[in-house]
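**Q** Have a look at the structure that comes next, please.
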Amino acid sequence: MLLITDSLPTPAENLAWEEAWLDMAEAGQWHEEVLRLWQPTSPFVVIGRGSRIAQEVNLAATSEANIPVYRRISGGAAIVAGSGCLMYAVLLSYSRRPHFRLLDQAHSGVMDTIVKAISEFQPAIAWKGTCDVVVDNRKVSGNSLRCRRDWLLYHGTLLLDMDLAQVDRYLLHPPREPEYRQQRPHSQFIANLNLPTDQVIDALGRAWQASPQPWTLPHAHIEHLVRQRYHNRDWNYER
């Protein structure tokens, strides 16, 4: 598996990069599984593919603070990312992992790997619900996936030392939630891992058996997706 820890200048480009890989893999233009880890430098909101933005995002607050809102290609509810949040994505091949065609197997396979990596430093870590990673019943990682015919993109967040007040500020209470949340507000539901970034990156790389290798950034495809989707208000605010 290829390990990449590079980041592009904007959230839109970083989100487009993951979609570009999935597109290229499906088209037979990319053949390696990938673990990518990157760190935002400023806050932004990402909503799920099927999210209704007005039900999940405090649009008055994001507008006042000039916080961008993007719609990803995978499911799930809205998240806030920013400094202190480590973003990860794995591009996985069904030909190498045929059991991942079953969604429960895909969730358990990825979640077990994430939990195994972090348990070295945080023994209380576990996963709950469909694909939440928790410590002491508080969520430290949210995740989602996008399935294609031959490849799977699975991506998510790891809260390391983010300003969690931003989540209460920019998100509404979600319209759907896992049973274990029990109606808790964001401030009582999420938590930071309080782990050094380099330590977590190294642990995830070892857990996925990923290593740096030569690769080429798909500039043209990323730029196309940024224009088509991530800088397109019709896409981000379509529902």
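The values are calculated or read from the model by the stated rules, or taken from the named source; none is laboratory data. Because the structure is predicted, anything quoted here is derived from the model rather than measured. Cβ atoms come from the backbone with ideal geometry, glycine included; neighbour counts cover every protein chain shown.
**Q** Inspect region 98-105 for any residue being touching a residue at least 12 places away in the same chain (Cβ under 8 Å) and in a strand (DSSP E or B) and give the result as yes or no.
**A** no
**Q** If you scan region 69-95, which residues turn out to be assigned to a loop (DSSP other than H, G, I, E, B) and either closer than 21 Å to Leu225 by Cα or free of Cβ contacts under 8 Å to residues at least 12 places away in the same chain (or both)? Full working, then the answer.
**A** Our first condition is that a residue be assigned to a loop (DSSP other than H, G, I, E, B); within region 69-95, this holds for 72-78, 82-84, 94-95.
Within region 69-95, Arg72, Ile73, Ser74, Gly75, Gly76, Ala78 meet the criteria.
**Q** Tell me which of these Ser211 doesn't satisfy, since it passes every other one: (1) touching a helix residue (DSSP H, G or I) at 6+ places or on another chain (Cβ under 9 Å); (2) surrounded by 14 or more Cβ atoms within 10 Å (Cβ to Cβ).
**A** (2)
**Q** Taking the condition of being among the basic types (Lys, Arg) and either modelled with pLDDT under 95 or crowded, with 17+ Cβ neighbours inside 10 Å (or both), how many residues in region 170-206 meet it? Talk me through it step by step, then tell me what you get.
**A** Taking region 170-206 as the starting set, the residues that turn out to be among the basic types (Lys, Arg) are 176, 181, 184, 206.
If we keep only those that are either modelled with pLDDT under 95 or crowded, with 17+ Cβ neighbours inside 10 Å (or both) too, we end up with 176, 181.
Number of matching residues: 2.
**Q** Right, next: For the subset of region 111-145 comprising residues that are touching a helix residue (DSSP H, G or I) at 6+ places or on another chain (Cβ under 7 Å) and of a type in the set (Ser, Thr, Tyr), which member is nearest to Glu19 (Cα to Cα)?
**A** Ser141
**Q** Select, from Ala20, Ala16, Ala25, the only residue that is touching a His at 6+ places or on another chain (Cβ under 6 Å) and either under 17 Å from Val90 (Cα atoms) or surrounded by 18 or more Cβ atoms within 10 Å (Cβ to Cβ) (or both). Can you show your working first?
**A** Details: Ala16 fails: touching a His at 6+ places or on another chain (Cβ under 6 Å); Ala25 fails: touching a His at 6+ places or on another chain (Cβ under 6 Å).
Just a single option satisfies the conditions, and that option is Ala20.
**Q** State which residue is nearest to Pro196 (Cα to Cα) when the search covers only region 1-57 and only residues that are small (Gly, Ala, Ser) and out of contact with any Gly (no Cβ under 9 Å at 6 or more places or on another chain).
**A** Just the residues of region 1-57 that are small (Gly, Ala, Ser), to begin with: 7, 12, 16, 20, 25, 27-28, 42, 48, 50-51, 54.
Right, trim to out of contact with any Gly (no Cβ under 9 Å at 6 or more places or on another chain) and you get 7, 12, 16, 20, 25, 27-28, 54.
On the way: Ser7: 18, Ala12: 26, Ala16: 27, Ala20: 29, Ala25: 32, Ala27: 37, Gly28: 37, Ala54: 35 Å.
It comes out as Ser7.
**Q** Suppose we keep only residues that are part of a helix (DSSP H, G or I) and touching a strand residue (DSSP E or B) at 6+ places or on another chain (Cβ under 7 Å) within region 203-219. Which one would you say is farthest from Met1 (Cα to Cα)? Reasoning before the result, please.
**A** Just the residues of region 203-219 that are part of a helix (DSSP H, G or I), to begin with: 203-207, 219.
The next check asks that each one be touching a strand residue (DSSP E or B) at 6+ places or on another chain (Cβ under 7 Å); those that pass are 204-205.
On the way: Leu204: 12, Gly205: 9 Å.
That would be Leu204.
**Q** Does any residue of region 51-62 turn out to be crowded, with 16+ Cβ neighbours inside 10 Å, assigned to a strand (DSSP E or B) and modelled with pLDDT of 95 or more? Show your work before the answer.
**A** As a first pass, look at region 51-62 and keep what is crowded, with 16+ Cβ neighbours inside 10 Å: 51, 53, 56-59, 61-62.
Then keep just the ones that are assigned to a strand (DSSP E or B); that gives 57.
This time we only want the ones that are modelled with pLDDT of 95 or more, so: 57.
For region 51-62, residues crowded, with 16+ Cβ neighbours inside 10 Å, assigned to a strand (DSSP E or B) and modelled with pLDDT of 95 or more: present.
Residues are listed down the side, and each one gets a yes or a no for (1) in a loop (DSSP other than H, G, I, E, B); (2) in contact with a His (Cβ under 8 Å, 6 or more places away or on another chain); (3) within 25 Å of Val115 (Cα to Cα); (4) among the β-branched types (Val, Ile, Thr):
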| site | (1), (2), (3), (4) |
| --- | --- |
| Ser187 | no, no, yes, no |
| Leu193 | yes, no, yes, no |
| Ile201 | no, no, yes, yes |
| His221 | no, no, no, no |
